[in-house]
Structure formats: C-alpha cells, structure tokens
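Below is one structure; the comments refer to it alone.
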Amino acid sequence: MPKTKLMLLGPPGAGKGTQAERITEALEIPHISTGDMLRDARDRGTDLGKKAAEYMNAGELVPDDVVIGIVEERLEQDDAQDGFVLDGFPRTLNQAEALDGQGVKLDAVLSLEVSESEIVRRLSGRLHCPECGAGYHKSFDPPQTEDVCDECGHQGLERRKDDQPEVIRERMRTYEENTDPLKSFYADRGVLVRIDGEGSPEAVAGRIAQAIDAV
Ligand code: AP5
C-alpha cells in the first residue's frame with residue numbers, strides 16, 4: 001500500500017485506536033493519537049498533563065491551543081513526513097483549520113460509523129494494561145488468562161478513568177457538538193469516506209483497506 005496521510009474520525013469507542021494500530025502495521029506509518037499523547041503527559045505528571053487531566057476526566061475537550069501545539073510538533077518529526085494516521089485529531093473546526101494552516105493535506109478522512117448501543121458495549125468492556133499499554137475487551141478481545149496482560153505478563157488490567165457511564169455520556173455529547181460537524185467540513189473537500197464500523201475488527205479493517213486502496 002502507498003504511504004498516505006489519513007485521519008480516523010468517529011465517536012468514543014468507534015474503534016479508532018484499534019484500527020489505527022492495524023493501519024500503522026500495514027502501511028508502516030506512525031499512529032498519532034492525541035488521546036495517547038495526553039494520557040502519557042498526564043501519567044508523567046507534566047504541567048500540560050495536569051491541565052489536560054482535568055478536562056479528560058470530565059469527558060470534555062482539552063483546549064485547542066494545547067492540543068494544536070503538541071500535534072504541530074509531532075507532525076514536524078521525520079517519521080511523519082511521508083504519511084501518518086491521525087487518531088482523535090482534529091476534533092474541532094479550529095483544529096481542522098490549524099492543520100490546513102500548517103499545510104497538511106489529508107488524503108482521506110475515514111469516518112467510522114457505529115451505533116450508540118455498540119459504543120456502550122465496547123466502552124463498558126474495554127481494559128488496558130497499566131504497565132505496557134496493551135488494549136483488550138473483556139468479551140470481544142479478552143487476554144488469554146483473565147486479568148493478565150498477554151504482552152508483558154502484568155497482573156491487574158484496568159479500565160480507563162473516562163470509561164465511567166456519566167463520563168462516556170459527556171464524551172458522546174461533546175463529540176456530537178464539536179466533532180461530528182467535521183464530516184461536512186471534509187466532505188466539502190472531497191476526502192470523507194464513511195466506513196461501516198460494526199462487525200468484527202477484521203471485517204472493519206477489510207473495509208478500511210479497500211477504502212485506502214481507492215484513495
Ligand atoms: P481519545 O483517547 O481520543 O478517546 P475517544 O475519541 O473517546 O476514543 P476512544 O479511545 O475511547 O475509542 P476508540 O475509537 O479509539 O475505540 P477503541 O479502538 O479503543 O480521547 C480521550 C480524551 O482526550 C478526550 O475525551 C479529550 O478529553 C482528550 N482529547 C483527545 N484528543 C483531543 C483533541 N484533539 N482535542 C481536545 N481534546 C482531546 O475501541 C474501544 C473498545 O472496543 C476496545 O475495548 C476494543 O477492543 C473494542 N473494539 C474495537 N473495535 C471493535 C469491533 N469491531 N468489535 C468489537 N469490539 C471492538
């Protein structure tokens with residue numbers, strides 16, 4: 001597959017992170033996830049991380065100036081020059097315009113379309129390893145031994161802090177208000193591709209691969 005500049009768009013739990021990992025392996029391009037970068041800053045206790053944590057724990061968006069700054073810096077690195085998959089950015093019209101302003105032209109914006117009931121099922125069972133970051137789902141993608149990470153053997157898988165029902169509701173509201181309008185922004189530029197995000201991760205990955213081939 002050719003190296004490509006891609007963005008995954010979709011509500012919380014749509015499978016952006018899951019599919020981004022697969023695209024990264026197939027195309028050998030970096031996975032740039034603002035959620036992962038902000039969680040990393042929060043866990044390291046940096047000033048930026050402490051500020052971001054207040055918003056993330058409440059299910060709200062971290063202010064544009066903070067996020068735009070970290071993405072601009074990341075996109076300037078050598079490994080992102082020929083292609084990348086953006087996951088969770090842009091999330092507001094301001095962020096999309098900042099990306100335009102940086103001269104970054106996306107080849108495709110892949111919009112993962114998933115029903116609300118499926119989102120709730122996915123987020124209510126999501127687990128991760130606090131040691132190495134590997135991700136699981138208690139029903140759809142469980143570890144081989146219950147509560148033990150397949151990758152590093154750590155015992156004690158955890159739920160994400162923002163996967164509590166009231167925070168999930170706020171994240172979905174925030175998505176509808178701020179991020180869903182990006183679909184028409186990118187449709188107007190002719191790069192929006194709607195992908196049926198339901199079914200197994202393999203089925204969704206197959207649809208994405210077809211869409212990327214057509215770019
Ligand atoms: P972020 O980390 O980006 O969270 P999100 O958009 O809410 O998305 P998720 O990571 O929850 O879900 P996902 O779509 O990646 O699904 P996943 O693959 O994990 O952002 C977190 C917070 O950071 C935000 O709320 C905000 O505060 C802040 N932030 C981040 N970016 C920002 C920005 N640009 N501006 C401002 N603030 C920002 O899948 C979910 C589960 O389902 C997993 O358990 C997985 O195993 C399972 N699963 C996946 N696919 C399937 C399938 N096909 N079938 C069955 N199970 C599946």
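List of remarks:
- Note on region 147-196: residues that are free of Cβ contacts under 8 Å to residues at least 12 places away in the same chain and near the ligand (Cβ under 10 Å from one of its atoms) total 0.
- Sole exception among (1) in a helix (DSSP H, G or I); (2) open to solvent by less than 60 Å² (accessible area, probe 1.4 Å) for N57, by number: (2)
- For region 132-146, the tally of residues that are within 10 Å of the ligand (Cβ to nearest atom) and of a type in the set (D, E, K, R) stands at 2.
- Every residue from region 24-38 that is more than 7 Å from the ligand (Cβ to nearest atom) and within 12 Å of the chain's Cα centre (by Cα): H31, I32, M37
- Every pair of residues 6+ apart whose Cβ atoms lie under 7 Å, when the first sits in region 197-212 and is within 18 Å of G13 (Cβ to Cβ) while the second is charged (D, E, K, R): G197/E113; E198/E118; A205/R22; R207/D196
- Screening E97, E72, E116 for residues that are closer than 21 Å to L9 by Cβ, surrounded by fewer than 20 Cβ atoms within 10 Å (Cβ to Cβ) and not assigned by TED's automatic domain parsing to the domain that holds L192 leaves exactly one candidate, E72.
- Hits in region 60-85 - residues which are of a type in the set (A, V, I, L, M) and farther than 28 Å from V167 by Cβ: L75, A80
- Filter result for V109 (outside any loop (DSSP other than H, G, I, E, B) and either among the aliphatic types (A, V, I, L, M) or in contact with a Pro (Cβ under 7 Å, 6 or more places away or on another chain) (or both)): yes
The values are calculated or read from the model by the stated rules, or taken from the named source; none is laboratory data. Small disclaimer: the values here were computed from a predicted structure and weren't measured. When we count neighbours, we look across all protein chains shown, and the Cβ atoms used for this are built from the backbone with ideal geometry, even at glycine. These accessible areas exclude ligands, DNA and RNA; they are computed on the full protein's heavy atoms, side chains included. Shrake-Rupley method; radii C 1.70, N 1.55, O 1.52, S 1.80 Å.
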